[in-house]
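The values are calculated or read from the model by the stated rules, or taken from the named source; none is laboratory data. For clarity, every value in this text was computed on a predicted model and none was experimentally measured. FYI the Cβ positions are ideal-geometry reconstructions off the backbone, even for glycines, and counts take in every protein chain you see. The accessibility values were calculated without ligands, DNA or RNA, using every heavy atom of the protein model including side chains. Shrake-Rupley method; radii C 1.70, N 1.55, O 1.52, S 1.80 Å.
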Amino acid sequence: MGLPLRPREPVPSVLARLLSGRPAKLLMLGVTPDYAGFGDDLTALDWSPEMVAEIWPGDTDKRRAVLGDWRDMPFEAESFDAAIGDNAMTMLAWPDDVDAVLAEVRRVVKPDGIAVFRWFLAPDSPATDTELKALALSLRDKASDIMRWRFVMDAVHEAGEPTVPVRAAWRKYSRLFPDFGELARANDWDAAELAELDIYRESTAQFTFPTLAQMQAAAGRHFSSIELVPSGDYPLAEFAPFVILGR
């Protein structure tokens, strides 16, 4: 998995600059391996033992993975200088789970600390079918993840809420492309890449993409400052800024 879903370069370098000069006791939501070398003392919190076993590069004297719930963290108040996370908020139901996690992050981060999340946000208005189709046909040498993710992001407007089932994206792109062969020819996708598109057909997964205003309202209930910084130049980067939250 690569960009935009996994934070390959330049994303880690941008995050490193945002954390530069800060004390190094970090909390990470999830076990993102691309961030495993950050700080002098990194605690990665994840609720899935399977995920830890599959992608965490291993504990050392400077990093460790801990099993636990982001909504009820097993840490004392003000235990960390900063919290980080990549795409973590997308996996949380809106609004209750997002609210609970933000409250916990505020609790465990020191008063002068920050939280920095690469947060995927829905566009303010829906794309037209023509715009989505043009994107889908412009991905030669790129992964179908980009298309799938963008269609889910757009589905929040039809649903009228930030949390949407990924099946909604499948219904839309299968309507626009009843013959996936058009995508194969335009993008030089092989059968394996096309099969990725069908992952969403029967999936029960749901993703959450608030608009900028919705994110700011949710974060503003727990943090006094909210700053957005571009996370790089890659497909869908315009929808995935780093959100810096300060108490």
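Observations on the structure shown:
- Against the list (1) under 17 Å from residue 218 (Cα atoms); (2) in contact with a strand residue (DSSP E or B) (Cβ under 7 Å, 6 or more places away or on another chain); (3) exposed (fewer than 13 other Cβ atoms within 10 Å of the Cβ), the condition residue 96 fails is (2).
- Among the residues of the stretch 63-73, those that are in contact (Cβ under 8 Å) with a residue 24 or more places away in the chain and surrounded by 12 or more Cβ atoms within 10 Å (Cβ to Cβ) comprise 63, 65, 70, 71, 73.
- The requirement of being without any contact (Cβ under 8 Å) to a residue 60 or more places away in the chain, assigned to a helix (DSSP H, G or I), open to solvent by less than 60 Å² (accessible area, probe 1.4 Å) and within 27 Å of residue 141 (Cβ to Cβ) is fulfilled nowhere in the stretch 231-246; no residue meets it.
Rundown of residues vs (1) part of a helix (DSSP H, G or I); (2) of a type in the set (A, V, I, L, M); (3) under 30 Å from residue 181 (Cα atoms), yes/no style:
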{"site": "94", "(1), (2), (3)": "no, no, no"}
{"site": "98", "(1), (2), (3)": "yes, yes, no"}
{"site": "102", "(1), (2), (3)": "yes, yes, no"}
{"site": "106", "(1), (2), (3)": "yes, no, no"}
{"site": "112", "(1), (2), (3)": "no, no, no"}
{"site": "115", "(1), (2), (3)": "no, yes, no"}
{"site": "120", "(1), (2), (3)": "no, no, yes"}
{"site": "123", "(1), (2), (3)": "no, no, yes"}
{"site": "132", "(1), (2), (3)": "yes, yes, yes"}
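- Here residue 227 clears all of (1) within 29 Å of residue 107 (Cβ to Cβ); (2) open to solvent by 70 Å² or more (accessible area, probe 1.4 Å); (3) in contact with a helix residue (DSSP H, G or I) (Cβ under 8 Å, 6 or more places away or on another chain) except the condition numbered (3).
- Cβ-Cβ under 6 Å pairs, at least 6 apart or on other chains, the stretch 27-49 side more than 22 Å from residue 78 (Cβ to Cβ), far side charged (D, E, K, R) and surrounded by fewer than 16 Cβ atoms within 10 Å (Cβ to Cβ): 47/69
- Selection status of residue 198, in a helix (DSSP H, G or I), of a type in the set (Asp, Glu) and more than 30 Å from residue 106 (Cα to Cα): yes
- Check on residue 106, among the charged types (D, E, K, R), under 26 Å from residue 211 (Cα atoms), open to solvent by 40 Å² or more (accessible area, probe 1.4 Å) and in contact with a His (Cβ under 6 Å, 6 or more places away or on another chain): yes
- In summary, residue 164 fulfils each of the numbered conditions (1) among the β-branched types (Val, Ile, Thr); (2) closer than 20 Å to residue 125 by Cβ; (3) assigned to a helix (DSSP H, G or I) with the single exception of condition (3).
- Qualifying residue in the stretch 72-88 (condition: modelled with pLDDT of 95 or more, touching a Ser or Thr at 6+ places or on another chain (Cβ under 7 Å) and charged (D, E, K, R)): yes
- Screening residue 60 with (1) of a type in the set (Ser, Thr, Tyr); (2) in contact (Cβ under 8 Å) with a residue 60 or more places away in the chain; (3) more than 30 Å from residue 160 (Cβ to Cβ) gives one miss only, at (2).
- Set 183, 132: member being surrounded by 14 or more Cβ atoms within 10 Å (Cβ to Cβ) and farther than 26 Å from residue 93 by Cα: 183
- Total residues in the stretch 174-228, condition of a type in the set (D, E, K, R) and closer than 30 Å to residue 242 by Cβ: 4
- Among the residues of the stretch 13-42, those that are in a strand (DSSP E or B) and either open to solvent by 40 Å² or more (accessible area, probe 1.4 Å) or among the basic types (Lys, Arg) (or both) comprise 25, 41.
- So residue 171, is it open to solvent by 30 Å² or more (accessible area, probe 1.4 Å), under 25 Å from residue 91 (Cβ atoms), among the basic types (Lys, Arg) and in a helix (DSSP H, G or I): yes
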